[in-house]
Structures are given as C-alpha cells and as structure tokens.
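Colleague: Structure in structure tokens, see below.
The values are calculated or read from the model by the stated rules, or taken from the named source; none is laboratory data. Keep in mind that this is a model prediction, so the values were computed, not measured. Neighbour counts run over all protein chains shown; Cβ positions are idealised from the backbone, glycine included.
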Amino acid sequence: MFGLDDQSDKKDTHGDLDQGHGDNASTIDDNSSAHSNTSVDTHSSTGSTSGNQQDLIDIKQQALHQLTPLVDQLEQSPEEKFKTTMMLLQATDDSSFVKAAYEAARAIEDEKARAQALLDVVNEINYFTQQKNHS
C-alpha cells in the first residue's frame, strides 16, 4: 500500500526513508531511488532547493503525525504491517514503535520472512541502544 519492499542491501543512512537503520533493515521504496538516480536537478536553477527540501520535510512530518494514529485501521497482512511499522520507526526515529514492529514480526507466518523481520527488529534495537551509548 505504501510502496514497501525489502531491500536489505541498502547501507545505513539514518533518517532517510528509503534506507534503514541497519544493514538488514526492511526498507521502503518510495520511488526515491528514481529521484536520486536523476542527474538533472530542476530546482537548482531557482536557488530554492533548500526551501523545497524543507517543505518536503515538513510535509513528511505532518503526514507521519497524521498517519500514526490511523495505522491500526489499515487492513494489512502481518508482513505489510511489519514493513509499515518499520517505516514509521525509521522515519520518525521513535523507539516506541519497536514493540509494535516486534509483535508484527512475530505474527508473520512464513518462517524465512519472520526470521528476517526479527533480525530487523534486533538491528533497530541495536541502533537505539548504540545511539544512547554514544550520547
């Protein structure tokens, strides 16, 4: 529903929606790869790239704020619910989503997919605990 897919080969670039906190994290493909592969920057000629980027960040934050209470109303398979929860966790950097991601991972029926999801949860926990240890 949100264009989610598992791209475990992405590197760690915290805070970017299309890349997870850990190397094995489930991530989303929101067509941002198509944008990042484009060599032409149509906004650079106007000098408003940073303004446009800030607008996008503001819209993202507002959408996440509005989406969070509605997520439970979505009719999703356990895998979709897990991926959506991981997207929210990574996009918001909010560790309170870890428990919901863990519960969604446990509900995945396919053992291989469940194992990967549980690894992703562990990677997220490692991210948050290492972040606190380095602060």
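Colleague: Name the single residue, out of those in the range 61-91 being out of contact with any strand residue (DSSP E or B) (no Cβ under 8 Å at 6 or more places or on another chain) and of a type in the set (Asp, Glu), that is farthest from Ile125 (Cα to Cα).
Modeller: Looking at the filtered set, the residue picked out is Glu75.
Colleague: Could you go through the range 30-47 and let me know if any residue there is farther than 22 Å from Gln131 by Cβ, loosely packed, with under 11 Cβ neighbours inside 10 Å and modelled with pLDDT of 90 or more.
Modeller: No: the range 30-47 contains no residue that is farther than 22 Å from Gln131 by Cβ, loosely packed, with under 11 Cβ neighbours inside 10 Å and modelled with pLDDT of 90 or more.
Colleague: Let me ask something additional. Is it true that Ala101 is touching a residue at least 12 places away in the same chain (Cβ under 8 Å) and not in a loop (DSSP other than H, G, I, E, B)?
Modeller: Taking the combined requirement at face value, the residue satisfies it.
Colleague: I'd like the residue in the range 104-135 that is in a helix (DSSP H, G or I) and polar (S, T, N, Q) and, out of all such residues, is farthest from the chain's Cα centre (by Cα).
Modeller: The selected residue is Asn133.
Colleague: Output the residue which, of all residues in the range 50-97 that are in a helix (DSSP H, G or I) and of a type in the set (Gly, Ala, Ser), is nearest to the chain's Cα centre (by Cα).
Modeller: So the residue we want is Ala91.
Colleague: Can you tell me which residue within the range 95-132, out of those that are farther than 16 Å from Val71 by Cβ and among the basic types (Lys, Arg), is surrounded by the most Cβ atoms within 10 Å (Cβ to Cβ)?
Modeller: Across the range 95-132, the extreme among qualifying residues is Arg114.
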